[in-house]
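Input: a single structure, listed below in C-alpha cells.
The values are calculated or read from the model by the stated rules, or taken from the named source; none is laboratory data. Just so you know, these numbers come straight off a predicted model, no measurement behind them. Note that we place each Cβ from the backbone using ideal geometry, even for glycine, and neighbour counts take in every protein chain shown.
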Amino acid sequence: MVGKIIYDEMSERIIQTTERLVTEKGAHTVNVRMVLKELGITNRVFYNRFGNINEVLETVYERTIMEIRKSMSAPLDPDADFFEYVLDIVVRSLLLSYDNKMRFYQYILENKTISRDNYNWWTGEIKKLIEYAKSKKIIRDVDSDILSYSIWCFCRGYNTDAVARQIPKEVAVENFKYSFRILLDGLRA
C-alpha cells in the first residue's frame, strides 16, 4: 500500500469495515466518509494510515484475489480422477470469484487492468496441471503455454461475462461445468 504511514489495529479495522461496506453496497459506492462514519473516527485517523479510499479498496481486492488463489491449492491425489479434480478447482474458483466480482465489478472496470502478476500466476498454475497430466499420459500431447493461456481466457472470460450479464450463480456454474467438461474431454489421451 503506497502512502501508508501507520499500520496497526485501527488500520485493520478500516480495512475490515471497508470490506464489509463493499460486500453490502459494492466497491464503487464506498468512500472515506462512509468508513469514517461507520468507525466513528476522524479524517486524521484515516489519512495517517491511508492516502485515499483506493488504497484501502486495493488492499481488500488483493485479499480477495489471494482467497481465490487459495482455491487452487487443493492437493492432487494421483489416484483420483484428474478431470474431476480440475473441474472441481475451476468451479470452486468460479464460485469464489463470482460473488467477489459482483462486489468489485465497477471498481475493477474503473481502476484495474489485467495485472501481469495475476496473469502469470494463473497461467503458471494451469500450466503445472497440464504438465502433470501430460507426464502421466492423462491428456494428449499439447502445447502447454498455448493451452494454459486458452484456459485462462476461457475461465476469466466466462466469469466476467456471466457477472456482467448478472446470470444467476447456479445457472452460471452449471453452464460453465457443461462447457468445461467438453473442453476437458477433448484433451483426454
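In table form, for the structure just shown:
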item	result
Residues that are part of a helix (DSSP H, G or I), of a type outside the set (A, V, I, L, M, F, W, C) and surrounded by 12 or more Cβ atoms within 10 Å (Cβ to Cβ), drawn from the stretch 1-36	S11, E12, R13, Q16, T17, T18, E19, R20, T23, K25, H28, T29
Evaluation of G51 against (1) in contact (Cβ under 8 Å) with a residue 40 or more places away in the chain; (2) among the small types (G, A, S); (3) in contact with a helix residue (DSSP H, G or I) (Cβ under 9 Å, 6 or more places away or on another chain) (one fails), failing number	(3)
Set K70, K101, K127: member being assigned to a helix (DSSP H, G or I) and at pLDDT 80 or above	K127
Search result, residues across the stretch 132-149 that are touching a residue at least 12 places away in the same chain (Cβ under 8 Å) and either in contact with a strand residue (DSSP E or B) (Cβ under 8 Å, 6 or more places away or on another chain) or surrounded by 13 or more Cβ atoms within 10 Å (Cβ to Cβ) (or both)	Y132, A133, I138, I139, R140, V142, S144, L147, S148, Y149
Every pair of residues 6+ apart whose Cβ atoms lie under 9 Å, when the first sits in the stretch 160-189 and is without any contact (Cβ under 8 Å) to a residue 60 or more places away in the chain while the second is among the basic types (K, R) and loosely packed, with under 11 Cβ neighbours inside 10 Å	A189/K137
Any pair with Cβ under 9 angstrom, 6 or more apart, that starts in the stretch 80-97 at a residue that is without any contact (Cβ under 8 Å) to a residue 60 or more places away in the chain and ends at one that is surrounded by fewer than 18 Cβ atoms within 10 Å (Cβ to Cβ) and of a type in the set (V, I, T)	F82/I138
Residue count for the stretch 65-96, restricted to those that are in contact with a Cys (Cβ under 8 Å, 6 or more places away or on another chain) and polar (S, T, N, Q)	1
